[in-house]
Amino acid sequence: MNLFSTLPDASKAEAVEILLARPGIRIERIVSLGQASPPGFWYDQEESEWIVLLSGAAQLRFENESQARQLTPGDCLNIAPHRRHRVEWTDPTAPTIWLAVFYRSE
């Protein structure tokens, strides 16, 4: 599989593909095209999440921060369990491709 070929159509909704799932870890490819979290919605996950933006552009905001973080290709973040966050914006003109690794740190 090539992470950049055969992209799913994300024009109507974000596309999430599970690339690998094993006990304690899940790896997803997420393709966004202008999507953002709904108003007032915050992700609040049980597991840790490490993300890397592979292409496109996005803004990610943590609940305890007043400004969204601008993400460009190569930017990565580790998100601790229950650290509330949301996607403020993704590029509406070109696919934004994320690689997300969800894991339990027990």
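Read-outs throughout are calculated quantities, based only on the coordinates presented, and are distinct from any laboratory measurement. These numbers come from a predicted model, not from an experiment. Note: ideal-geometry Cβ built from the backbone for every residue, glycine included; neighbour counts use all protein chains shown.
Considering only region 38-55, how many residues are more than 11 Å from the chain's Cα centre (by Cα) and either closer than 19 Å to Thr96 by Cα or basic (Lys, Arg) (or both)? Count: 2.
How many residues are more than 15 Å from Thr90 (Cα to Cα) and in contact (Cβ under 8 Å) with a residue 24 or more places away in the chain if we restrict to region 30-46? Working first, answer last.
Keep residues of region 30-46 that are more than 15 Å from Thr90 (Cα to Cα), which gives 40-46.
The next check asks that each one be in contact (Cβ under 8 Å) with a residue 24 or more places away in the chain; those that pass are 41-46.
Looking only at that region, the number is 6.
Which of the residues spanning region 63-106 are touching a residue at least 40 places away in the same chain (Cβ under 8 Å), crowded, with 18+ Cβ neighbours inside 10 Å and in a strand (DSSP E or B)? Result: His85, Arg86, Val87, Trp89, Thr90, Thr96, Ile97, Trp98, Val101, Phe102. The single condition among (1) farther than 21 Å from Pro92 by Cα; (2) in contact (Cβ under 8 Å) with a residue 12 or more places away in the chain that Leu20 does not meet is (2).
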